[in-house]
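Here's the structure, in structure tokens; my notes come after.
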Amino acid sequence: MKKFLTVFAFLLLAAAVASAAPKPQPGTILSHTSVACGTKKSKKQDIHLLCQQYVVRSGSTDYTVRQPKPAEQDLIPLNTAVEFKLDKNKMKFKVDGTSFEFVVISQAAASSAAATPASAAPNQ
């Protein structure tokens, strides 16, 4: 009987750990900006490096995400639908077969005016 309870407890714990993995969430790229994220020393001058920063909306939450380090990277078009996973302070997603990993800078509730489509707004 003790052996059965031990196996049952192990299976229950394993199921809890397996279900704790981040689940994919749907989102949309709302905006894009380039922000300063470091400098590079050249022979005669400092070169300011830029990182891409995006706002991703998922439901009623807006996530501001940024590249972890400056790198050559394709720009992601606005209004692109993405499916992402959050893992601590990182957001991972794929767009057109290319994987991206960003650092989450902030998250905020989406404003109600921005969340309501123009066609659904009441006419006055």
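The values are calculated or read from the model by the stated rules, or taken from the named source; none is laboratory data. Computed from a predicted structure; not experimentally measured. Heads up, the Cβs are rebuilt from the backbone with ideal geometry, glycines too, and the neighbour counts pull from every protein chain shown.
Note on the stretch 32-64: residues that are basic (K, R) and either at pLDDT 90 or above or surrounded by 10 or more Cβ atoms within 10 Å (Cβ to Cβ) (or both) amount to 2. Out of the residues in the stretch 21-59 meeting the condition of being touching a strand residue (DSSP E or B) at 6+ places or on another chain (Cβ under 6 Å) and of a type in the set (K, R), tell me which one is nearest to L75 (Cα to Cα). So, considering only residues that are touching a strand residue (DSSP E or B) at 6+ places or on another chain (Cβ under 6 Å) and of a type in the set (K, R), the one nearest to L75 (Cα to Cα) is R57.
For A21, are the conditions met, namely being at pLDDT below 80 and surrounded by fewer than 10 Cβ atoms within 10 Å (Cβ to Cβ)? Taking the combined requirement at face value, the residue satisfies it.
In the set T33, T80, T39, only one residue is more than 15 Å from A108 (Cα to Cα) and without any contact (Cβ under 8 Å) to a residue 12 or more places away in the chain; that residue is T39. Taking the stretch 42-61 as the range and being in contact (Cβ under 8 Å) with a residue 24 or more places away in the chain and of a type in the set (V, I, T) as the test, the residues that pass are V55, V56, T61.
Scanning the stretch 65-94 for residues that are closer than 10 Å to I29 by Cα and not hydrophobic (A, V, I, L, M, F, W, C), we see that the one that is surrounded by the fewest Cβ atoms within 10 Å (Cβ to Cβ) is N79. Among residues of the stretch 21-67 being in contact with an Asp or Glu (Cβ under 9 Å, 6 or more places away or on another chain) and of a type in the set (S, T, N, Q), the one that is farthest from M91 (Cα to Cα) is T39.
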